[in-house]
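Heads up: the structure comes next, in structure tokens.
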Amino acid sequence: MLLMPTKDWRWEFNEEYGQLALSLDTQMSFLTAYKTKMLIPDALKGMKFSVEHAKFYIRMLERLPQLLTLSDAMIVQTALNATAAHFLLKPQMPKSWFFDVSDECVYFDLGKVFQLKNNQQSMLVLVVEVGLQSVLVMNLSAACQLSDNKSLGQFDTIKVMHDRLHPLSRAKQIVAA
């Protein structure tokens with residue numbers, strides 16, 4: 001069963017873990033992957049889970065099962081992290097140099113899934129923000145080493161130019177962890 005938003009949902013900063021959390025009610029919170037330095041100032045003060053947030057979250061809940069084979073819990077976790085990334089993260093500069101250029105032109109949109117390729121590895125990413133020349137994507141794969149001192153964990157975000165997005169192969173079924 002998928003978790004649906006209520007009027008009681010509220011974004012809060014969890015001081016104990018140093019991460020953004022979504023308070024679902026008085027006894028339950030969902031901890032996102034996002035730490036202080038990544039968040040806009042409003043996220044640190046706490047704010048309501050708005051109607052706009054709910055629309056985006058529900059859109060992700062609807063799209064993810066069409067694209068990936070995930071458990072309900074993983075769909076909710078991915079959708080909540082995507083919502084936090086879309087609305088509450090500081091703007092980022094593109095870091096496309098970590099990834100190979102794609103030979104194919106792709107149609108990108110919020111909630112679409114692509115691959116980013118780097119050396120001999122690839123990672124599954126979800127588009128969480130669209131710009132004129134770049135997109136902010138969230139890593140759906142396990143941790144991916146980008147360089148000697150830079151890696152992306154699951155649900156971490158990175159902005160890349162559109163030409164770095166590789167389409168998913170149609171012939172294979174994609175399963176995210």
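The values are calculated or read from the model by the stated rules, or taken from the named source; none is laboratory data. In this text the structure is predicted, and so the values were computed from the model without any measurement. Because the Cβ atoms are built from the backbone with ideal geometry, glycine has one as well, and the counts that use them run over all protein chains shown.
Quick check on Lys35: is it more than 21 Å from Asp109 (Cβ to Cβ), among the charged types (D, E, K, R) and under 15 Å from the mean Cα position of the chain (by Cα)? Steps first, please.
Numbers: more than 21 Å from Asp109 (Cβ to Cβ): yes; among the charged types (D, E, K, R): yes; under 15 Å from the mean Cα position of the chain (by Cα): yes.
Answer is yes for this residue.
With the checklist (1) in a loop (DSSP other than H, G, I, E, B); (2) within 11 Å of the chain's Cα centre (by Cα) in hand, flag the one item Asp100 doesn't pass.
(2)
Can we say Ala79 is touching a helix residue (DSSP H, G or I) at 6+ places or on another chain (Cβ under 9 Å) and at pLDDT 95 or above?
Values: touching a helix residue (DSSP H, G or I) at 6+ places or on another chain (Cβ under 9 Å): yes; at pLDDT 95 or above: yes.
Yes, satisfied.
For Asn81, all conditions in the list (1) part of a helix (DSSP H, G or I); (2) on the phi > 0 side of the Ramachandran plot hold save one; what is the number of the exception?
Only one criterion in (1) part of a helix (DSSP H, G or I); (2) on the phi > 0 side of the Ramachandran plot is unmet by Asn81, namely (2).
Being under 25 Å from Arg164 (Cα atoms), surrounded by 18 or more Cβ atoms within 10 Å (Cβ to Cβ) and in the same structural domain as Val160 (by TED's automatic domain parsing) narrows it down to one of Leu110, Leu116, Leu68, Leu64, so name that one.
Residue meeting the stated conditions: Leu116.
When you go through (1) more than 22 Å from Ile75 (Cα to Cα); (2) surrounded by fewer than 19 Cβ atoms within 10 Å (Cβ to Cβ) one by one for Ala43, which number turns out not to apply?
Against the list (1) more than 22 Å from Ile75 (Cα to Cα); (2) surrounded by fewer than 19 Cβ atoms within 10 Å (Cβ to Cβ), Ala43 comes up short only on (2).
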